[in-house]
Amino acid sequence: MINPITSFITSNPLSTIAQSTSTSVTIETTMKAIGRPGFILIDNNISTDTKKYAAAKEFLYQATCLLLYATIVVPLFKNGAFKLAPKIFKHRAEEFSQFANPKQFAEYRKYAKLPYEDRVNNTKIDKVLPPKLAKYLHTAKETPEQYDTIKGTIEAGSLLGSVIGLAILAPQVSHAIIHPALRLIGMEEPKKHHSSNEKISEKQINITV
């Protein structure tokens, strides 16, 4: 059971879907928050008021997605996958224990990809990595270990978080945020609270009709 999962997580396609799934999704969502409202505003086939309303609504939705991604996906799913993985892949636990968190691992990968000449006297490595890893990067003349299992685990957590955060949670949360925000900036009428007498009158009118 473990071997197929290990093969999937260490596979090149998963590790290279993006250098960083979280960064890619953040950039994409930010571009949508800017591009989609902008596209709506330059559409001359709809009225000015409709354009403003639709653009504001789209911007607020994309901003909600970005907020959810930053506050839920990264801290929960990405870090959670990193902490859970050593318990599943026990034969890889020692590899995971070298790094404090995904951020530190990302720093390691960044410098591990550099040629030996750019690593040997690079003092920045000592500032972001533990002494043992820093020494390894300074002295390894061949390409340092890339730890694809760790990379794949982090990316898998990010992908799962993207699906849950953006496809499931975002639409639900946006309904609770967007309309109050639109009312706050005067782009939607406040909800009318009918009195009991008004509701009775409305029912009587409907019955009469």
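Read the figures in this text as sums done on the coordinates, not as results from a lab. As the structure is a prediction and not an experimental result, all values here were calculated from the model. As a convention, Cβ positions derive from the backbone with ideal geometry for all residues, glycine included, and neighbour counts pool all protein chains shown.
Data table
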read-out	value
Leading residue by the ranking (farthest from residue 175 (Cα to Cα)) among those in region 24-51 that are hydroxyl-bearing (Ser, Thr, Tyr) and assigned to a helix (DSSP H, G or I)	24
Complete set of residues in region 65-90 that are free of Cβ contacts under 8 Å to residues at least 12 places away in the same chain and of a type outside the set (Val, Ile, Thr)	67, 75, 83, 84, 86, 87, 90
Test: residue in region 72-83 that is part of a helix (DSSP H, G or I), within 26 Å of the chain's Cα centre (by Cα) and closer than 30 Å to residue 187 by Cα	yes
Identity of the residue in region 97-110, touching a Pro at 6+ places or on another chain (Cβ under 9 Å) and farther than 16 Å from residue 84 by Cα, that ends up surrounded by the fewest Cβ atoms within 10 Å (Cβ to Cβ)	104
Flag for residue 54 being over 26 Å from residue 23 (Cα atoms), among the hydrophobic types (A, V, I, L, M, F, W, C) and either under 14 Å from the mean Cα position of the chain (by Cα) or part of a helix (DSSP H, G or I) (or both)	yes
Region 84-95: number of residues that are crowded, with 18+ Cβ neighbours inside 10 Å and part of a helix (DSSP H, G or I)	2
Any chance residue 113 is surrounded by 18 or more Cβ atoms within 10 Å (Cβ to Cβ), touching a Ser or Thr at 6+ places or on another chain (Cβ under 9 Å) and among the charged types (D, E, K, R)	no
Qualifying residue in region 126-136 (condition: under 26 Å from residue 70 (Cβ atoms), touching a Leu at 6+ places or on another chain (Cβ under 8 Å) and in contact (Cβ under 8 Å) with a residue 60 or more places away in the chain)	no
